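A.B. asks: Got a structure for you, questions after.
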Amino acid sequence: MEWTVAEASQPLFVTNIPKAEWSKLLTDVALIKLNLDNINKRLTNFCKEDLKSKEPPIIEKPFDNLAEFLAFDESLMHNEGRQLRLKRHISRGGSSKVPEVVGDILKKLFTNFLALGISFKGLKQNYNFSSTTCWTVMSDYIGEAKPEISEKELAKAVISWFQHAGDRLKAEQTTKKSNTK
């Protein structure tokens with residue numbers, strides 16, 4: 001088999017591939033092209049969806065009031081669209097260690113002041129975070145995105161984050177005082 005260009009006298013491509021094999025090769029190339037076209041369409045659609053998701057974040061700033069958080073949490077309860085938006089919101093972050101992942105997410109949800117009145121299981125008359133829809137969305141997201149993190153590790157990191165809210169709040173206040181001087 002030989003391919004030439006009209007003006008060229010030298011063949012561009014010479015092969016001794018049998019006709020049956022050549023047909024199979026052309027079919028494979030056509031399938032590859034079709035797959036690449038499908039991938040291109042999917043990527044284009046994905047980019048369009050991503051542009052649609054440029055809506056304002058579901059949470060503008062961390063909650064500093066328990067009543068506002070509870071109203072937000074209730075709005076998530078049977079609304080998969082809002083839960084998906086929350087998942088997208090908390091997924092922005094690049095940490096890999098469990099405490100950092102949990103900290104990045106919880107910082108988006110709560111101020112340190114509000115975190116003082118919340119605990120994972122509601123101990124010491126604090127609000128029970130583990131009973132919220134936010135916890136369910138958060139644990140589902142982490143389970144999907146980082147399957148190597150066990151539920152026990154996740155719970156331990158959440159407990160620790162809430163326990164250290166007072167320390168973070170003191171450090172925050174100290175920083176504010178030193179910046180105002």
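Readers should treat all values here as calculations from the given coordinates under stated rules, not as data from a laboratory. A quick note: this is a predicted structure, and the numbers were derived from the prediction, not measured. So basically every Cβ, Gly included, is an ideal-geometry build from the backbone, and we count neighbours across all protein chains shown.
A.B. asks: Given the pairs K121/K146; K33/K146; K107/K146; K19/K41, which span a C-alpha to C-alpha distance of over 27 angstrom in this model?
C.D. replies: K33/K146; K19/K41
A.B. asks: Report, in degrees rounded to the nearest 10, the 0 to 90 angle that the Cα long axis of helix 151-163 makes with the longest principal axis of the chain.
C.D. replies: 40
A.B. asks: Hey, what number do you get for the chain at 222 nm if only DSSP H runs of n ≥ 4 count, each worth -39500 (n - 2.57), divided across all residues, to the nearest 500?
C.D. replies: -20500 deg cm²/dmol
A.B. asks: Tell me the volume per residue, in Å³, of the convex hull enclosing the alpha carbons of the range 61-158.
C.D. replies: 94
A.B. asks: Calculated FRET efficiency, S96 and E172, Cβ-Cβ r, R0 25 Å, to nearest 0.05?
C.D. replies: 0.50
A.B. asks: A follow-up question, please. Per residue, how big is the convex hull around the C-alpha atoms of the chain? Give it to me in cubic angstrom, could you?
C.D. replies: For the chain, the hull spanned by Cα atoms encloses 249 Å³ per residue.
A.B. asks: Give the residue list of trypsin sites (Lys or Arg not before Pro) in the range 64-98 that are DSSP loop and have at most 12 other beta-carbon atoms within 10 angstrom.
C.D. replies: R92, K97
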